[in-house]
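J.: Mind having a look at this structure? Questions to follow.
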Amino acid sequence: MKTTHLDIDEIQRELDQFLENTLVAQAIDNAITDLNEQLKAKDVKSASISITPKKLPGVKFPRTGQLIRVYASRPKHKGKVERHPNSFQTLITFDGNGSTHIVGSSNGFKSEVVMGRYWSFVPENVWHQPIAGDKQWVGVTFHSAPEEILIDEYKT
């Protein structure tokens, strides 16, 4: 799904409406509880749980949110540099703070952060890195590609 900057407001409205669904909100709350438990382990810096249409039968997932990943990161944790060649990614912060750094075309990361209110938007095939702020960061990412075909690539 190719997405342009002109679509951002529409995507945000669509996902805001989706998040108002009681079953979706409950699934995300349950995932956050599980992730908080996982982060209690000393060696765990971040963790995520996927929510798919199979886990919420009867709930119509939006075209921009075919896969939901609820994640939590310890304070100041730098996630892997990643990209998704076949998926537009939208992220909303639920608790704490953090940023999504976009890899620049010249040398390394741009200093600015792609954020709109509490939302971040990462186009298809763009290298990016989630970095938690000074508090535990809890959020939800939405992928336009379903789990079965989503491609996750990581830089080492």
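J.: Only one of V103, V122, V126 is touching a Lys or Arg at 6+ places or on another chain (Cβ under 9 Å), at pLDDT below 80 and surrounded by 15 or more Cβ atoms within 10 Å (Cβ to Cβ). Can you tell me which?
T.: Working: V122 fails: at pLDDT below 80; V126 fails: at pLDDT below 80.
Exactly one residue qualifies, and that residue is V103.
J.: Would you check which residues across region 62-84 are of a type outside the set (V, I, T) and either part of a loop (DSSP other than H, G, I, E, B) or out of contact with any strand residue (DSSP E or B) (no Cβ under 7 Å at 6 or more places or on another chain) (or both) and list them?
T.: Within region 62-84, the subset of a type outside the set (V, I, T) is 62-63, 65-67, 69, 71-80, 82-84.
Residues satisfying the conditions are P62, R63, G65, Q66, R74, P75, K76, H77, G79, K80, H84.
J.: Turning to a different aspect of this structure: How many residues does region 48-61 contain that are surrounded by fewer than 16 Cβ atoms within 10 Å (Cβ to Cβ) and assigned to a loop (DSSP other than H, G, I, E, B)?
T.: Number of matching residues: 5.
J.: Right, another one. Among the residues of region 51-72, is there at least one that is under 21 Å from H128 (Cα atoms), touching a Lys or Arg at 6+ places or on another chain (Cβ under 6 Å) and not β-branched (V, I, T)?
T.: Taking region 51-72 as the starting set, the residues that turn out to be under 21 Å from H128 (Cα atoms) are 64-72.
Among the residues that remain, those that are also touching a Lys or Arg at 6+ places or on another chain (Cβ under 6 Å) are: none.
No, that holds for no residue.
J.: Another question, then. Which condition does L15 not pass, out of (1) outside any loop (DSSP other than H, G, I, E, B); (2) modelled with pLDDT of 90 or more; (3) surrounded by fewer than 18 Cβ atoms within 10 Å (Cβ to Cβ), if it passes all the others?
T.: (3)
J.: Pick out the one residue from S87, S99 that is part of a loop (DSSP other than H, G, I, E, B) and in contact with a strand residue (DSSP E or B) (Cβ under 7 Å, 6 or more places away or on another chain). Before the answer, list the steps.
T.: On the way: S99 fails: part of a loop (DSSP other than H, G, I, E, B).
Within the list S87, S99, the selection yields S87.
J.: Also, I was wondering about something else. How many of the residues making up region 18-35 are loosely packed, with under 15 Cβ neighbours inside 10 Å, touching a strand residue (DSSP E or B) at 6+ places or on another chain (Cβ under 7 Å) and either in contact (Cβ under 8 Å) with a residue 40 or more places away in the chain or assigned to a loop (DSSP other than H, G, I, E, B) (or both)?
T.: Final tally of qualifying residues: 0.
J.: Every residue in region 72-99 that is buried (at least 22 other Cβ atoms within 10 Å of the Cβ) and among the hydroxyl-bearing types (S, T, Y), please.
T.: S73, S87, T90
J.: Considering each residue of region 106-119, count those that are surrounded by fewer than 17 Cβ atoms within 10 Å (Cβ to Cβ), in a loop (DSSP other than H, G, I, E, B) and modelled with pLDDT under 50, and give that number.
T.: Let us first name the residues in region 106-119 that are surrounded by fewer than 17 Cβ atoms within 10 Å (Cβ to Cβ), namely 106-113, 115-118.
Still in the list and also in a loop (DSSP other than H, G, I, E, B): 106-108, 115, 117-118.
Among the residues that remain, those that are also modelled with pLDDT under 50 are: 106-108, 115, 117.
Here the count works out to 5.
The values are calculated or read from the model by the stated rules, or taken from the named source; none is laboratory data. No experiment lies behind these values; they were computed from the predicted model shown. Every residue, glycine among them, receives a Cβ derived from its backbone with ideal geometry; neighbour counts consider all protein chains shown.
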